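S.K.: This is the structure I have questions about; it appears just below.
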Amino acid sequence: MAFEKFAGFIPPTNAPSGSPGGEEEVATENPVFVNEDKRSATIQLEWPVTYAGVQYDAIRVRRLTVSEVEEYLATIRRGGGQSVRFPMFDVPDVVLDHLDDDDAERVNEAMLRFLPRRFRGGQGSVQSPDTGVATPSS
């Protein structure tokens, strides 16, 4: 389970019984963020795009969960140097590739606000603002 990776994990006092790494719990519902509305932004496109019969007038950019970051990193490791986008957009990659540059700039500004801190520059892979894909940092 993802929380086992966090050193010193202490379950909240109102958590269901069972211990991390102990018996497998049967979940009947998924956890929901208390402030879900603050975890995403919708960017209205000045220059909408049509792809595969669907018109895209807006793009939703959202924060990532631990499991999404883990899968993203695993995909990069398996990819052998191929570019991989963060899974934080609600449109196909080809739509992002064909945005008007002004719209792309606004989407990228939102993306930078919602990136996990560890990807906002520094070491490792960072997201290129012009392409929205992971590239090795220098």
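S.K.: Name the helices (runs of 4 or more DSSP H) wholly inside the range 21-138 in which the number of residues that are modelled with pLDDT of 95 or more is 2 or more.
M.R.: Per the criteria, 93-97, 101-114.
S.K.: Cβ contacts < 9 Å: first residue surrounded by 15 or more Cβ atoms within 10 Å (Cβ to Cβ), restricted to the range 60-82; second residue of a type in the set (S, T, Y) and in a helix (DSSP H, G or I), any location; separation 6+ or different chain. Result?
M.R.: L64/Y72
S.K.: Could you tell me whether F89 is under 17 Å from I43 (Cβ atoms) and under 17 Å from the mean Cα position of the chain (by Cα)?
M.R.: Criteria met by F89.
The values are calculated or read from the model by the stated rules, or taken from the named source; none is laboratory data. If you're wondering where the values come from, they're calculated on a predicted model, not measured in any experiment. Counting neighbours? That spans all protein chains shown, and the Cβs are built from the backbone with ideal geometry, glycine included.
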